[in-house]
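S.K.: Below you'll find the structure I mean.
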Amino acid sequence: MMIPFLLWLIRDCLFLLGYISGSQNFKKPLSAAEEREMLLRMKKGDEEARQLLIEHNMRLIVHIARKYKIPGCTFDDLISIGAVGLIKAVRSYDMDAGTSLSTYAARCIENEILMCLRQSRKQQADISLNEPLGTDKDGNAVTFADLLGTDPDLVEDEVRRRITLSGVRRALPTLPERERLVLSMRYGLEDGVMHPQHEIAKVLGISRSYV
């Protein structure tokens, strides 16, 4: 199911890319009767009807995109991002759900833009240990890793280890008690000592291979 969906999404995105770059005058919204006709045709597998529904709702993307500013994204970028949401909305819209297409599409468009915004904020919060902070007296770049006084690779490995360890500790409570004990002892999560399998087996009264 995933491959046909991706092919469909790529095809529609390429179509809209040409549409957006070729014209800034988006088509007017369909009347209620026209929209219903297109929806019924689309329900029967009419691809042209689906494309028309997308084209005639492009103004909705512009209206929503104007409310957001994402670092590194131009307004045209936001239109393209919103177009992905519109494509998904038209494809998944259910006429019997009791919600109008425009309302449903607006929600999907906004969700797509918000996902991009959250990703942008996350990337802004990330700090590279090799990011230059300035220069020393000889004009050489000084990084976070230099200030820490440790080999950059070692620092990065340690940071990754601690982040991974933190994630494992958060996940441990979701495991059965015995599995939780095995992992805690084997990887030293409680006392910092990585206990060998035979010790864990003795504590639990099970075979070493089962550990």
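The values are calculated or read from the model by the stated rules, or taken from the named source; none is laboratory data. Only a predicted model underlies this, so the values are computations on that prediction, with no experimental measurement involved. Cβ sites come from the backbone with ideal geometry, for glycine too, and all protein chains shown count toward neighbours. With ligands, DNA and RNA removed, areas are computed over all heavy atoms of the protein, side chains included. Shrake-Rupley method; radii C 1.70, N 1.55, O 1.52, S 1.80 Å.
S.K.: What is the residue count in the stretch 151-165 for residues that are β-branched (Val, Ile, Thr), open to solvent by less than 100 Å² (accessible area, probe 1.4 Å) and at pLDDT 70 or above?
M.R.: Residues of the stretch 151-165 that are β-branched (Val, Ile, Thr), as a first pass: 155, 159, 163-164.
Cutting the leftovers down to open to solvent by less than 100 Å² (accessible area, probe 1.4 Å) gives us 155, 159, 164.
Then drop every residue that is not at pLDDT 70 or above, which leaves 164.
Total meeting the criteria: 1.
S.K.: Residues in the stretch 166-181: is at least one assigned to a helix (DSSP H, G or I), at pLDDT 80 or above, in contact with an Asp or Glu (Cβ under 7 Å, 6 or more places away or on another chain) and open to solvent by less than 70 Å² (accessible area, probe 1.4 Å)?
M.R.: Checked the stretch 166-181: no residue is assigned to a helix (DSSP H, G or I), at pLDDT 80 or above, in contact with an Asp or Glu (Cβ under 7 Å, 6 or more places away or on another chain) and open to solvent by less than 70 Å² (accessible area, probe 1.4 Å).
S.K.: In addition: May I ask you to list the residues in the stretch 186-211 that are open to solvent by less than 100 Å² (accessible area, probe 1.4 Å) and either assigned to a loop (DSSP other than H, G, I, E, B) or among the acidic types (Asp, Glu) (or both)?
M.R.: We begin by selecting, within the stretch 186-211, every residue open to solvent by less than 100 Å² (accessible area, probe 1.4 Å); these are 186, 188-189, 191-193, 195-197, 199-201, 203-207, 211.
Scanning the stretch 186-211 gives 188, 189, 191, 192, 193, 195, 196, 199, 205, 206, 207, 211.
S.K.: Sort out which residues of the stretch 25-84 are farther than 14 Å from residue 110 by Cα, assigned to a helix (DSSP H, G or I) and open to solvent by less than 30 Å² (accessible area, probe 1.4 Å), and write them in order of number.
M.R.: 38, 39, 49, 50, 53, 54, 55, listed by residue number.
S.K.: If I ask for residues that are over 18 Å from residue 32 (Cα atoms) and either small (Gly, Ala, Ser) or loosely packed, with under 14 Cβ neighbours inside 10 Å (or both), which ones from the stretch 85-106 would you list?
M.R.: 85, 92
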